Amino acid sequence: MDALVVAARIAQFLGAAVLFGMPLFALYNRAGVDRRQLLAAALLTLAGGVAALGAQAASMTGDAAAIRDPSMIWAVASGTQFGRGLSVRLAATALALAALLLPLRPRTLAVTLVGAVVMGSFAWTGHGAADEGVAGLVHLAADVLHLLAAGVWLGALAALLSLLLRRRSGVDLTELHAALAGFSGVGSIAVAVLLLSGLVNSWFLIGPSRIVDMPSSTYGLLLLVKLALFAAMLGLAALNRFRLTPALAGSLATDPGPAIDALRRSLLLESGAGVLVLAVVGWMGAIAPLSAS
């Protein structure tokens, strides 16, 4: 059941990042959105949330049959902080799904706002909600900002990959370059927020006195893996911004093929690293942090 909880959490992270970050990308780049991708993200988040509720009920009772018991699932959803946070996430995801299916205007803004609630709700079902008082509020706020910044970055990667994998004409390549250039400033802000909020979270979850103990614990090792993947994403993002995007601009009037191929490979690697980061974070959420050990 613990493995199912982790898998369900990873699925929700993936869906929520796309559900928030992709329509936001469309707003600040004045671009269209792929409604099918957003529908898939909403359905993935819903499926992961329902699975997480059932798995949590089974884990708490020690009975695998509880995953199919509506009364036990309701008890978790209404009687625990994890369940209440997850219920908010499921309700917000259902609203996003309705916005995608109904002729709502402006749809993109509506999905972005609801997606922000979906993404931020993970803070109430993780370690960020464990502290109390002023310290608890600071930790929770840092966790919410960390989640939203991650959604901005990962959702933009999904949108850029969608453009790269579908578009071929010269007009579309110009649009692609404009989208890449438009994300550069937003991406820099997202990275800054990730770094600052990550430092705050680390203060609460590890503490300055426990840094040297990181390699000797599962949580610490996973955090080191996460940091290594994050560093790889930063390197690839810098490559895209300072080398590959200018190369695309310089080749639009001649032969953009090699520049497009290089960008596609780089974005695929960056996205792959991002998915691995979410997998590591999903695993870390099921382990006690160093500050609690």
Once the other residues with Cβ under 13 Å from the Cβ of G198 are scored (Lys, Arg +1; Asp, Glu -1), what is the net sum?
-> 0
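Based solely on its DSSP helices, what 222 nm [θ] is calculated for the chain when runs of n ≥ 4 H residues each add -39,500 (n - 2.57) and the sum is averaged over all residues, nearest 500 deg cm²/dmol? Spell out each step's value before the answer.
On the way: 10 runs with 227 residues, N = 293.
Result for the chain, helices only: -27000 deg cm²/dmol.
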Karplus-derived 3J(HN,Hα) from phi for region 17-25 (6.51 cos²θ - 1.76 cosθ + 1.60, θ = phi - 60°), whole Hz, x at Gly and Pro, runs 4, 6, 5, 8, x, 5, x, 4, 4
Treating the beta-carbon of each Lys and Arg as +1 and of each Asp and Glu as -1, no other charges, what is the dipole magnitude of the chain about its Cα centre, to the nearest 20 debye?
-> 740 debye
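Bear in mind that the values in this text are calculations on the coordinates, not laboratory data. These figures come from a predicted structure and were not determined experimentally. Cβ coordinates were reconstructed from backbone atoms using ideal geometry, including for glycine residues, and neighbour counts include every protein chain displayed.
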